[in-house]
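The values are calculated or read from the model by the stated rules, or taken from the named source; none is laboratory data. Since the structure is predicted, the reported quantities are computational estimates derived from the model, not experimental observations. Note that each Cβ is placed from the backbone with ideal geometry, even for glycine, and that neighbours are counted across all protein chains shown.
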Amino acid sequence: MPPPRRTHRPKSVFDPVHGTVPLPPGPLELVADPAFQRLWGIRQTGLAHLVFPGANHTRLEHSLGVFSVAGRIGEALDLPREESRLLAVGGLLHDLGHGPLSHTLDGPMREVLGIGHEERSRALVTGADRLESGGHSTPTRIPELLERQGLGTRAVADLIDPPSAGGRLARLRPLLHGAIDADRIDYLQRDAHYTGVGHGAIDASRLLDTIRWHAGRVVFAEKGRQAVEGFVVGRSLMYSAVYFHKTVRAAEVMAQAAVERLPGYPEAARPIFAENDGELFGALERAGGISAELERGLRERRLYKRVAAWRSVPEGSAGEVRRLVRRPEARRAREEEIARAVGAPEGAVLIDLSGSLDPSPGDADWSRLGILDGNRVTYPFREPGIWREIAHRPRNPWRAAVYAHPRHAAATARYLTRRSWLG
């Protein structure tokens with residue numbers, strides 16, 4: 001198939017969050033690439049649409065939104081043209097490596113591939129990705145296009161998936177991986193818009209109006225303090241109200257279990273991480289067995305019930321929790337142990353340990369976020385107080401939870417009430 005003709009005319013798309021988003025010829029070529037177009041088929045919020053029916057927006061929309069916000073940040077900070085272009089293109093391509101259902105399958109992706117979506121984005125940008133779906137690799141010209149546009153694959157990859165804290169891109173990284181960055185400014189607004197949950201309705205215009213460079217760091221002017229505080233509150237509430245809603249988590253652990261129980265797992269699951277949501281559901285259905293049963297439950301919205309949850313780990317159990325988090329096969333064994341104890345079949349009892357995961361290496365350091373008042377910078381998230389508490393509030397307040405098939409929910413709940421922890 002011949003490569004698409006290169007266009008020299010800028011175009012624009014209308015976005016419901018940011019309005020008109022101009023796309024110059026270079027970014028437009030990247031958007032047209034099959035690896036980017038795949039993001040049309042990946043829901044931004046995974047399976048949240050089963051609770052919030054409007055949440056059908058995609059990773060492609062979000063990527064265009066981050067591109068727009070990153071460009072506006074570059075203008076606000078008066079970045080040199082090449083740095084501004086690099087930041088915007090990094091925002092455009094930062095989610096290329098997501099598997100189907102977005103973050104839902106982050107755990108299986110790391111178990112199967114040994115990398116996360118950021119590292120796979122790096123591989124796609126540099127041309128090192130060899131993941132195949134359906135027996136063939138997704139064709140991509142992104143490395144060639146980046147080189148032709150004078151951006152360089154290494155620079156874009158290092159911005160998307162930072163290899164270290166230093167280097168020549170150090171000052172740009174907080175704009176894409178910071179406490180308040182282009183990625184978060186877009187997804188909080190976008191997810192709030194499509195879910196109908198108002199918590200993410202942040203004052204993005206004020207944030208962009210008050211962002212500053214000071215002593216080599218990104219800060220916000222004092223007049224933007226309320227916008228910063230509103231952002232922190234909105235982010236915290238979106239996690240509890242949407243991303244870790246108990247019914248959303250029920251759907252997500254079902255999807256994870258369906259993948260983990262594919263015949264021949266983990267090796268047999270490799271191709272699915274190059275697929276989109278629809279292709280994943282088709283693969284699960286064709287696999288048969290428990291994978292197909294769980295897929296059918298998701299498709300027909302017959303979700304598992306949360307039968308137990310713990311906000312803290314009982315004394316002496318912290319080591320066991322770490323073991324179950326770090327060794328997915330041990331967690332699956334515990335799931336089957338509980339299922340057998342209550343007379344349930346394989347896959348009928350599932351454990352959610354998302355509240356016990358260590359912070360991601362990409363998580364922002366809130367202690368570095370400063371407010372500039374005159375020539376003095378204060379750091380409101382360093383000192384004990386309400387703002388530090390909100391900024392560091394756990395994403396998921398439940399350290400562990402157990403979900404069960406509705407037919408076995410009551411028996412599983414009774415079994416777990418006789419124990420202080422996961423059986």
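Per the listing ARG393, ARG419, the residue uniquely part of a loop (DSSP other than H, G, I, E, B), more than 23 Å from LEU294 (Cα to Cα) and in contact (Cβ under 8 Å) with a residue 60 or more places away in the chain is ARG393. Checking GLU346, GLU275, GLU335 one by one, the residue that is out of contact with any strand residue (DSSP E or B) (no Cβ under 7 Å at 6 or more places or on another chain) and of a type in the set (D, E, K, R) is GLU346 and no other. Considering only residues that are without any contact (Cβ under 8 Å) to a residue 60 or more places away in the chain and out of contact with any helix residue (DSSP H, G or I) (no Cβ under 6 Å at 6 or more places or on another chain), look in region 60-78 and name the one that is surrounded by the most Cβ atoms within 10 Å (Cβ to Cβ). This residue is LEU64.
Please verify whether VAL228 is surrounded by 21 or more Cβ atoms within 10 Å (Cβ to Cβ) and either within 22 Å of the chain's Cα centre (by Cα) or among the basic types (Lys, Arg) (or both), treating the condition exactly as stated. Against the criterion (surrounded by 21 or more Cβ atoms within 10 Å (Cβ to Cβ) and either within 22 Å of the chain's Cα centre (by Cα) or among the basic types (Lys, Arg) (or both)), VAL228 qualifies.
Among the residues that make up region 333-340, is at least one of them in a loop (DSSP other than H, G, I, E, B), at pLDDT 90 or above and farther than 23 Å from PHE244 by Cβ? No: region 333-340 contains no residue that is in a loop (DSSP other than H, G, I, E, B), at pLDDT 90 or above and farther than 23 Å from PHE244 by Cβ. How many residues are within 20 Å of PHE36 (Cβ to Cβ) and either surrounded by fewer than 20 Cβ atoms within 10 Å (Cβ to Cβ) or not assigned by TED's automatic domain parsing to the domain that holds ILE142 (or both) when one looks only at region 86-112? Qualifying residue count for the region: 1. Is there a residue in region 357-374 that is outside any loop (DSSP other than H, G, I, E, B), basic (Lys, Arg) and surrounded by fewer than 16 Cβ atoms within 10 Å (Cβ to Cβ)? Yes.
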